[in-house]
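Following: one structure in structure tokens, then a few remarks.
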Amino acid sequence: MKLYALNMIQPVGDPPPPEVLGPVMAELAKIRRDLEREECWVFGRGLHGPEASTVVKVRDDDVIATDGPWAEGKEHIGGVTIIKVEDLDAALKVAARFARATGLQIEVRPFQGEV
């Protein structure tokens, strides 16, 4: 089994209104229950917007923390889900469910090594 991160790419800006977001969240909850039942679910959670980011870097001997994202963009990672599945094909099938439910792009990225 391998671990995969499913990164939900969403546009910067306000979330959709409740009448749009409600059904999406209900479908995401269904996907999570299915993955839990299949013992594929590891972790998942939404992230605050990029304005809540802090970037830490080292310059010479100083450690500098800067508010905000490291790069400006029209999109950001709005949430992450970690799954444990057999292979990339299985991860892509799960990502397709998330993409259909949200209408957003889902980046699928494997962790290094095996579980």
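The values are calculated or read from the model by the stated rules, or taken from the named source; none is laboratory data. The shown structure was predicted, so the numbers you read here are calculated from the model rather than taken from an experiment. Note: ideal-geometry Cβ built from the backbone for every residue, glycine included; neighbour counts use all protein chains shown.
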* **Conditions (1) of a type outside the set (Ser, Thr, Tyr); (2) more than 13 Å from the chain's Cα centre (by Cα); (3) within 22 Å of residue 14 (Cβ to Cβ); (4) surrounded by 11 or more Cβ atoms within 10 Å (Cβ to Cβ); number of the one not met by residue 98** => (2)
* Structure fact -> Here the residues within region 1-38 that are out of contact with any Phe, Trp or Tyr (no Cβ under 8 Å at 6 or more places or on another chain) and of a type in the set (A, V, I, L, M) are 1, 9, 12, 20, 21, 24, 25, 26, 29
* Any residue in region 62-79 that's closer than 17 Å to residue 15 by Cβ: show its pairings with residues that are among the polar types (S, T, N, Q) at Cβ separation under 7 Å, as long as the two are six or more apart or on different chains. => 75/10; 76/10; 77/7; 78/10
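Pick from 72, 114, 107, 86: which is of a type in the set (Asp, Glu) and under 11 Å from the mean Cα position of the chain (by Cα)? Please lay out each step first, then the result.
Values: 72 fails: under 11 Å from the mean Cα position of the chain (by Cα); 114 fails: under 11 Å from the mean Cα position of the chain (by Cα); 86 fails: under 11 Å from the mean Cα position of the chain (by Cα).
The conditions single out 107.
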* Structure fact -> Residue pairs qualifying under the 9 Å Cβ cut-off, at least six apart or on distinct chains, with the first in region 97-115 being touching a residue at least 24 places away in the same chain (Cβ under 8 Å) and on the phi < 0 side of the Ramachandran plot and the second being assigned to a strand (DSSP E or B) and hydroxyl-bearing (Ser, Thr, Tyr), are 98/81; 106/81; 108/4; 109/4; 110/4; 111/4
* Name the residues in region 61-91 that are crowded, with 16+ Cβ neighbours inside 10 Å and out of contact with any helix residue (DSSP H, G or I) (no Cβ under 8 Å at 6 or more places or on another chain), would you? -> 78, 79, 80, 84, 90, 91
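Does residue 5 qualify as being aliphatic (A, V, I, L, M) and surrounded by fewer than 14 Cβ atoms within 10 Å (Cβ to Cβ)? Walk me through it before giving the result.
Values: aliphatic (A, V, I, L, M): yes; surrounded by fewer than 14 Cβ atoms within 10 Å (Cβ to Cβ): no.
Against the criterion (aliphatic (A, V, I, L, M) and surrounded by fewer than 14 Cβ atoms within 10 Å (Cβ to Cβ)), residue 5 does not qualify.
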* Any residue in region 31-45 that is in contact with a strand residue (DSSP E or B) (Cβ under 7 Å, 6 or more places away or on another chain), under 14 Å from residue 7 (Cα atoms), of a type in the set (D, E, K, R) and surrounded by 12 or more Cβ atoms within 10 Å (Cβ to Cβ)? -> no
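Answer with yes or no whether residue 52 is of a type in the set (Gly, Ala, Ser), farther than 20 Å from residue 87 by Cβ and at pLDDT 95 or above.
No.
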